[in-house]
Amino acid sequence: MSPIMELLVMMLTLSSVVSQHMDWGDNPDLVEESDPIQGREHIMRLVALVGDSIDLECQVLSASQPVGKILLKKDGKIIIQAEDPIVETNQDGVFIEAHLKIDIITEEMGASTVSCEYSEIKDSIEAEFHVHTLQIEASKEVCETCVGDIELIFKETNGSSSTTRSANVYRRIQSKIAEMTNVQSGAISVNKSKSEYFLSRPIATIRDNNAILAMKPKYIIGGTVVDSLDHCKCGPSSARTISGISVDISMVIAALSAIVAICS
């Protein structure tokens, strides 16, 4: 083969490799670093609450035949070798997709990193975990009467992957907490230096909140750690959801009774 032909073959091969690239599929819990340091552009941040389940989609775009192997790793160790990834061919080349699923996020995963590698190119993508726990605090009076607010404190685990907090992480976790507790993001107070998020909610709206229970919170009643809110002397929850808003029926009845007494 002539030197010119060898050069053309090399250029075509290089062009093919360069055109291939990797990315994570759309996932609202995967956020970019607010101001990424050079060399970390390929690293995303996974914002999670204890008890969440995740499905991360690793994509190889504009690949070529023959299709290589996708390796999914957790903390540098292979956890899945995607033997049967989804492979599709279109005008832009070959599209490859593999999934990494974790059924339950635990507090211990706060120090974890997952990555996706493709054997045919020297490229990888990563996601650093930012896992948040929940502590619920209530006074003895609220616990005994089941009337009043309790304090919810969400906190990023000490082991989470980066000591430099990202504004995108703050925004995403506030959005997740707001959705879980049926409040506006503005109702959540933030201590950025400690990565803590606070809000108060009526006890009746929290006792039967399955998303809250799935986080296996730490409960503190009157300064004492207890197993659950079952220690509070509450009957069946009177909380109801009306047009997407959680309403404590017993509190509404009490308020109406007071109005009637005043008017009579």
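The values are calculated or read from the model by the stated rules, or taken from the named source; none is laboratory data. Quantities reported herein were computed from a predicted structural model and do not represent experimental measurements. Here the Cβ is made from the backbone with ideal geometry for all residues, glycine too, and neighbour counts use every protein chain on show. Accessible surface is based on the protein model in full, side chains and every heavy atom, while ligands, DNA and RNA are left aside. Shrake-Rupley method; radii C 1.70, N 1.55, O 1.52, S 1.80 Å.
Condition check ((1) among the hydroxyl-bearing types (S, T, Y); (2) surrounded by fewer than 17 Cβ atoms within 10 Å (Cβ to Cβ); (3) in contact with a Lys or Arg (Cβ under 7 Å, 6 or more places away or on another chain)) across all residues:
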residue: K101; (1), (2), (3): no, yes, no
residue: V114; (1), (2), (3): no, no, yes
residue: I125; (1), (2), (3): no, no, no
residue: R172; (1), (2), (3): no, no, no
residue: K176; (1), (2), (3): no, no, no
residue: E179; (1), (2), (3): no, yes, no
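Residues that are touching a helix residue (DSSP H, G or I) at 6+ places or on another chain (Cβ under 9 Å), over 30 Å from I212 (Cα atoms) and assigned to a strand (DSSP E or B) within the stretch 84-105 comprise just one, G93.
The set of residues in the stretch 49-76 being farther than 27 Å from Q135 by Cβ and part of a loop (DSSP other than H, G, I, E, B) consists of S64, Q65, P66, V67, G68, K69, G76. Kindly evaluate V114 against the criterion of being under 19 Å from K77 (Cα atoms), among the β-branched types (V, I, T) and outside any helix (DSSP H, G or I). Against the criterion (under 19 Å from K77 (Cα atoms), among the β-branched types (V, I, T) and outside any helix (DSSP H, G or I)), V114 qualifies. In the stretch 181-195, of all residues being open to solvent by 50 Å² or more (accessible area, probe 1.4 Å) and part of a loop (DSSP other than H, G, I, E, B), the one that is nearest to H132 (Cα to Cα) corresponds to K194. Kindly establish whether I78 is exposed (fewer than 12 other Cβ atoms within 10 Å of the Cβ), over 16 Å from the mean Cα position of the chain (by Cα) and at pLDDT below 90. Yes; evaluated as a whole, the condition is true for this residue. Being assigned to a loop (DSSP other than H, G, I, E, B), in contact with a helix residue (DSSP H, G or I) (Cβ under 9 Å, 6 or more places away or on another chain) and modelled with pLDDT of 70 or more is a description that applies to K233.
Condition test on M5, is it of a type in the set (A, V, I, L, M), more than 30 Å from the chain's Cα centre (by Cα), over 22 Å from Y118 (Cβ atoms) and at pLDDT below 85? Answer is yes for this residue. Candidates F154, F198: the one that is crowded, with 20+ Cβ neighbours inside 10 Å, of a type outside the set (A, V, I, L, M), assigned to a strand (DSSP E or B) and at pLDDT 95 or above is F154. With respect to D149, determine if the residue is out of contact with any Phe, Trp or Tyr (no Cβ under 8 Å at 6 or more places or on another chain), open to solvent by 50 Å² or more (accessible area, probe 1.4 Å), at pLDDT 90 or above and closer than 25 Å to E32 by Cα. In short, no.
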